[in-house]
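Before any comments, here is the structure.
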DNA sequence: TGAATCGATGTTTTT
DNA sequence: CATCGATTCA
């Protein structure tokens, strides 16, 4: 008898291999978590390995929590001794301990994308970057890319003005982060990796963690790879789990080669393929397989299931985004009436913006739903404001947070004042916050001096007391001293929701304080860390009865019985932003594969021929090329596109273009008739919507209506 | 010098 | 559509 009796042959093979390198190629739904948790249980219960010696790295906190719970179910409280963590949390932990080795204080703040952009924007202003193409967002993403690739500012290849500018901003940015005692997401990994170059630290970590496991290995980047390699270097007991077909984070530096080359890296690695799928029906799996096999990077696997064929995949062609949402809505209502629950349904989409139509539809029909991701709770202006106060209190060197709140609520402290104070701080070689305390020595006006000093004092008082205060108390003091709520009351028309969010923040502090992990007390630093490192789906509750909405990216690792894959249109999915290089397209296809394989019983796929994009209507949208890649045997069309006789062509056009009968008049002077399909040299396919007598044509193109003078028409248009 | 108002502008995807 | 920045107003 072994605990491993509950596994299939392959799973068991993987779970029994404890020593040496192991690669588990786990297809979607193949019982990966089960295998890994049983493996840990087996190590502890049957091999006598101390749980302290085990490090398991996951992709999200939710995955970590789930793994810990499932191990606990198998081995009891010993499970708590296993280190199950995300790369980022693991790194932060280590960095808090050894921050000084890298020139940081242990109370460093963590900058999210928004903070990064603010800092980069500030630096760009200082460096007087004139190129309008280089927005803070673009420069930030390029800097992050350098960081993820392990390139220091000095390493950057400056082959033109743009790269020179980016490199200069990057250099300043890196300096500023240290001055601000702050790390961005990439730093958490980079600095962890740097720490592991320190003999003392490495020795300690290697001694402690004799066994290391990495989940979602296909989505690790080069730095994470180095971290893993260093830790595993002594004992070589490294187990990585992943699926190259589900690598979807290339844009964030994930390197699919890490998993593809694992066997080259560790010549004696054992490779186990988990190919039996326990999640989806034959039809769903067949559809997924037919798509992914077109990828050249796929190593090819034979995912199979004992499940029944199940339902065909339903394809719905909607006229527009609202009709698509209505379809989803009706299906859910139908299901609900047939005894299903809201929680049985999940809507998946490519971009966060798509959630809106569904949210509106669900609200109208009082269907309970929850959107995961998108504008994160902690990123909302009003919440981030309060968090910024907390961050300044936690780490007064953090000028990104300080500048954010210095004039919130309005205190008549503007850019010019801030500049003067900064100059003073530089002159005196003190921090900006300290300069605020010595504002009397500056040349600022008397009224300003009072306001600034008051703010300084308020913050300083809390800072001095911080170790005697609970995080809730700090929150209360901030709200009280700043009168933030009354400020919000005059903020905008959505002030009620904003106040609600600020109150909700207090609830979330209390929830954390009362959680098992913190047992009544969470320090300010720990709280801020939690808010910085939460992932979209960390708070997903399987049991709550709501329809779940999220991006496909966020759905990774999850499974749902009924899935609506919506917005299946070219330009949206695959995204028009993907430059259609092979690599990009393959990543989009993997994303499609991930989406399909989330579904257990029923998959609906929909697309619309019109939809709002940026507040304008985009017309004549084409179904996604990926839709055409799905083997016909697995799909059925809910509303088969009507076959239209040539005579009735116009009525088909009127169907989706709202051309009324009176529009069918013909202007004799024009060679073009209303309803006629044309191709424009620049704008592509279009339909003539109107002919303004002898003057110009109104043509509906994908990205909107255009008016074209008749004189130009013959030059640019050809009949379709 | 700060606040208000009005245009321009852009979004894949996220720890 | 919604946010951000520049321009203008007070």
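Data table
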quantity	calculated
Top-ranked residue of the range A:371-385 - restricted to ones that are modelled with pLDDT of 80 or more and assigned to a loop (DSSP other than H, G, I, E, B), ranked as farthest from DNA strand C (Cβ to nearest atom)	A:372
Search result, residues across the range A:628-637 that are touching a strand residue (DSSP E or B) at 6+ places or on another chain (Cβ under 7 Å) and either modelled with pLDDT under 90 or assigned to a helix (DSSP H, G or I) (or both)	A:634
Verdict on residue A:300 being in contact with a strand residue (DSSP E or B) (Cβ under 7 Å, 6 or more places away or on another chain), in a loop (DSSP other than H, G, I, E, B) and within 21 Å of residue A:29 (Cα to Cα)	no
Filter result for residue A:486 (exposed (fewer than 13 other Cβ atoms within 10 Å of the Cβ), away from DNA strand C (no atom under 16 Å from the Cβ) and assigned to a helix (DSSP H, G or I))	yes
Residues located in the range A:123-178, provided they are in contact with a strand residue (DSSP E or B) (Cβ under 9 Å, 6 or more places away or on another chain) and away from DNA strand B (no atom under 16 Å from the Cβ)	A:176
Lone unmet requirement of (1) within 16 Å of DNA strand C (Cβ to nearest atom); (2) surrounded by fewer than 21 Cβ atoms within 10 Å (Cβ to Cβ) for residue A:618	(2)
Residue match in the range A:227-244 (condition: within 21 Å of residue A:31 (Cβ to Cβ), in contact with a helix residue (DSSP H, G or I) (Cβ under 6 Å, 6 or more places away or on another chain) and surrounded by fewer than 22 Cβ atoms within 10 Å (Cβ to Cβ))	yes
Residue match in the range A:320-330 (condition: without any contact (Cβ under 8 Å) to a residue 24 or more places away in the chain, more than 30 Å from residue A:220 (Cα to Cα) and not in a loop (DSSP other than H, G, I, E, B))	yes
Residue within the range A:333-346 that is away from DNA strand C (no atom under 16 Å from the Cβ), farther than 27 Å from residue A:585 by Cβ, part of a strand (DSSP E or B) and in contact (Cβ under 8 Å) with a residue 40 or more places away in the chain present	yes
Residue within the range A:19-37 that is assigned to a helix (DSSP H, G or I), touching a helix residue (DSSP H, G or I) at 6+ places or on another chain (Cβ under 6 Å) and surrounded by 23 or more Cβ atoms within 10 Å (Cβ to Cβ) present	yes
Hey, residue A:65 closer than 22 Å to residue A:559 by Cα, surrounded by fewer than 19 Cβ atoms within 10 Å (Cβ to Cβ) and within 15 Å of DNA strand B (Cβ to nearest atom) or not	yes
Pair list, Cβ under 7 Å, 6 or more apart: the range A:379-395 residue without any contact (Cβ under 8 Å) to a residue 40 or more places away in the chain, other residue part of a helix (DSSP H, G or I) and surrounded by 22 or more Cβ atoms within 10 Å (Cβ to Cβ)	A:388/A:401; A:388/A:405
Matching residues, the range A:438-462, being outside any loop (DSSP other than H, G, I, E, B) and surrounded by 18 or more Cβ atoms within 10 Å (Cβ to Cβ)	A:439, A:448, A:451, A:452, A:455, A:456, A:459, A:462
The lone exception for residue A:416 - which of (1) modelled with pLDDT of 90 or more; (2) assigned to a helix (DSSP H, G or I) it fails	(1)
Near pairs, Cβ below 9 angstrom, 6+ apart or cross-chain, from the range A:512-523 (on the phi < 0 side of the Ramachandran plot) to any residue that is surrounded by fewer than 13 Cβ atoms within 10 Å (Cβ to Cβ) and assigned to a loop (DSSP other than H, G, I, E, B)	A:513/A:519; A:513/A:520; A:513/A:521; A:514/A:520; A:522/A:515
Looking only at the range A:84-107, and only at residues there that are within 16 Å of DNA strand B (Cβ to nearest atom) and over 20 Å from residue A:198 (Cα atoms), the one that is surrounded by the fewest Cβ atoms within 10 Å (Cβ to Cβ)	A:85
Odd one out for residue A:423 among (1) within 16 Å of DNA strand C (Cβ to nearest atom); (2) exposed (fewer than 14 other Cβ atoms within 10 Å of the Cβ)	(1)
Enumeration of residues in the range A:63-102 that are outside any helix (DSSP H, G or I) and farther than 21 Å from residue A:200 by Cα	A:82, A:84, A:85, A:86
Among (1) farther than 20 Å from residue A:459 by Cβ; (2) outside any loop (DSSP other than H, G, I, E, B); (3) touching a residue at least 24 places away in the same chain (Cβ under 8 Å); (4) within 14 Å of DNA strand B (Cβ to nearest atom) - the single one residue A:361 does not satisfy	(4)
All positions within the range A:565-583 that are within 19 Å of the chain's Cα centre (by Cα) and not in a loop (DSSP other than H, G, I, E, B)	A:565, A:572, A:575
Residue list for the range A:527-576, restricted to those being more than 12 Å from DNA strand B (Cβ to nearest atom) and free of Cβ contacts under 8 Å to residues at least 40 places away in the same chain	A:541
Counted residues, the range A:145-164 - those being surrounded by 16 or more Cβ atoms within 10 Å (Cβ to Cβ), free of Cβ contacts under 8 Å to residues at least 60 places away in the same chain and closer than 29 Å to residue A:388 by Cα	3
Residue match in the range A:140-162 (condition: modelled with pLDDT of 80 or more, within 14 Å of DNA strand C (Cβ to nearest atom) and in contact with a helix residue (DSSP H, G or I) (Cβ under 6 Å, 6 or more places away or on another chain))	yes
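Yes or no, residue by residue, for (1) assigned to a loop (DSSP other than H, G, I, E, B); (2) more than 10 Å from DNA strand B (Cβ to nearest atom); (3) modelled with pLDDT of 90 or more:
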site	(1), (2), (3)
A:585	no, yes, no
A:589	no, yes, yes
A:594	no, yes, yes
A:611	no, yes, no
A:617	no, yes, no
A:621	yes, yes, no
A:626	no, yes, yes
A:639	yes, yes, no
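One line per residue, one yes/no per condition, for (1) away from DNA strand C (no atom under 16 Å from the Cβ); (2) within 18 Å of the chain's Cα centre (by Cα); (3) surrounded by fewer than 20 Cβ atoms within 10 Å (Cβ to Cβ); (4) at positive phi:
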residue	(1), (2), (3), (4)
A:526	yes, no, yes, no
A:541	yes, no, yes, no
A:551	yes, yes, no, no
A:554	yes, yes, no, no
A:557	yes, yes, no, yes
A:562	yes, no, no, no
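The values are calculated or read from the model by the stated rules, or taken from the named source; none is laboratory data. Nothing here was measured: the structure is a model prediction, and the numbers come from that model. Every residue, glycine among them, receives a Cβ derived from its backbone with ideal geometry; neighbour counts consider all protein chains shown.
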